[in-house]
Structure formats: structure tokens, C-alpha cells
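The values are calculated or read from the model by the stated rules, or taken from the named source; none is laboratory data. Keep in mind it's a predicted model, so treat the numbers as computed, not measured. Cβ coordinates were reconstructed from backbone atoms using ideal geometry, including for glycine residues, and neighbour counts include every protein chain displayed.
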Amino acid sequence: MFTQFLSVSYVPDDLKTAIIVPVYKKGPTTNVANYRPIYLTSVASKIMEPVISVQMTSFLLHNNVINTAQHGFLQGLSITSNLLETFNDWTVAIQGQKSKLDHSRIY
């Protein structure tokens, strides 16, 4: 069914609609900012979402559309890997500055 829809570039209206339910977080109940939206979608939509996500991510990575600095929402990368890479970049930069200072001294 999904393959047929995708092959003709058609998405049924039922798969494009959702019921939005506000769920209370904390704080005064009269403040709209204290609610978060929950989207209730059809089972078919829930099944299609990860399929489409994997295909889109694969396409974007294969065509070098995603910047190498992007770590969020990519498999095997996270805020931890981003912080480690940043720390490494800073360390290399600091070592490079020290190296330049050491070589520029007049004895």
C-alpha cells in the first residue's frame, strides 16, 4: 500500500491530518505556554514516518546536503560526540597558538 502511494506521489488526506491534544506540563493551568501539543495520527502515518525519515536522511547524507557539524538526529552522533569534537578542535587551536608563540620568540 505504502509503495503504491509513494510511486504515484499521492498521500491520502487521512495520512496528512492529526488531532492535536494539549497536554498540561506544569505551572498555572491558565497559561497556554504550560501545555505541549500531542499529535494523534493514524496508525498508517505512524508506520510511514520512520520509513520516510530513514529514506530522507539517507538521501541527504548521500548527496552531502547535511553539514558535517550536524550531530543531532543522526545515528551514532549526539550532543556528546558534538562536545568531544568541539573540545578536540579547541585543543588543536590552542596547541597551534602555543606552537606559533614558541617559534616566534627571539633568543
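Some observations on this one:
- Taking the criterion of being of a type in the set (A, V, I, L, M, F, W, C) and more than 21 Å from residue 4 (Cα to Cα), the residues of the range 48-89 that qualify are 60, 61, 65, 66, 69, 73, 74, 77, 79, 83, 84, 87.
- Selected residue (criterion: nearest to residue 50 (Cα to Cα)) from residues of the range 69-103 that are modelled with pLDDT of 80 or more and among the acidic types (Asp, Glu): 85
- Among the residues making up the range 32-53, those that are surrounded by 10 or more Cβ atoms within 10 Å (Cβ to Cβ) and over 23 Å from residue 73 (Cα atoms) are 34, 35, 42.
- Qualifying residue in the range 54-62 (condition: part of a loop (DSSP other than H, G, I, E, B) and surrounded by 12 or more Cβ atoms within 10 Å (Cβ to Cβ)): no
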